[in-house]
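Q: The structure under discussion is supplied below as structure tokens; questions concerning it will follow.
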Amino acid sequence: MIEQKVKLVKKSDKSYRVERPVQTGFSSPATHYNEPRIDLNETLVTNSSATFFIRVTDDLFHEFNIFRNDVLIVDKSLSPKTNQLVLATVDDTFSVIRIDKNDSELNLWGVITFVIKSVL
């Protein structure tokens, strides 16, 4: 029988552990709570390829409570229903119109799904 010497492997002296930051005082009660950001496209848009954000430049639509700097979210893929607000072209300009049963000859551009109000 042949005798063999056993060679031991030396453990590394380097530490690869992540060092914890030094904390002084009490920790914040909110350190474990992280609120994700709100994505308007995910929350307000159902069909991204047919949805547009349009900023209003004047106060012509005050009868619908839509004022300057409000943002209209318009979906071109939806069919309008009675009492919905739509964006239509009238004399080559955009106009906000409320649909009623008699509106059959509108040049409809899209259905307004949301109005983001400007407070400034």
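Q: So, in segment 100-120, exactly how many residues are charged (D, E, K, R) and surrounded by 13 or more Cβ atoms within 10 Å (Cβ to Cβ)?
A: Within segment 100-120, residues that are charged (D, E, K, R) and surrounded by 13 or more Cβ atoms within 10 Å (Cβ to Cβ) number 1.
Q: Kindly establish whether Ser95 is outside any loop (DSSP other than H, G, I, E, B), among the hydroxyl-bearing types (Ser, Thr, Tyr) and modelled with pLDDT of 90 or more.
A: Spelling it out, Ser95 is indeed outside any loop (DSSP other than H, G, I, E, B), among the hydroxyl-bearing types (Ser, Thr, Tyr) and modelled with pLDDT of 90 or more.
Q: Which one of Thr89, Thr93 is polar (S, T, N, Q) and surrounded by 10 or more Cβ atoms within 10 Å (Cβ to Cβ)?
A: Thr89
Q: Farther than 16 Å from Val119 by Cα, among the acidic types (Asp, Glu) and part of a helix (DSSP H, G or I) - does that describe any residue in segment 63-72?
A: yes
Q: Suppose the filter is in a loop (DSSP other than H, G, I, E, B), on the phi < 0 side of the Ramachandran plot, touching a helix residue (DSSP H, G or I) at 6+ places or on another chain (Cβ under 6 Å) and at pLDDT 70 or above; does Ser118 pass it?
A: It is false that Ser118 is in a loop (DSSP other than H, G, I, E, B), on the phi < 0 side of the Ramachandran plot, touching a helix residue (DSSP H, G or I) at 6+ places or on another chain (Cβ under 6 Å) and at pLDDT 70 or above.
The values are calculated or read from the model by the stated rules, or taken from the named source; none is laboratory data. Since we're looking at a predicted model, the values are computed, not measured. Ideal geometry is used to build each Cβ from the backbone, glycine not excepted, and the neighbour counts take in all protein chains shown.
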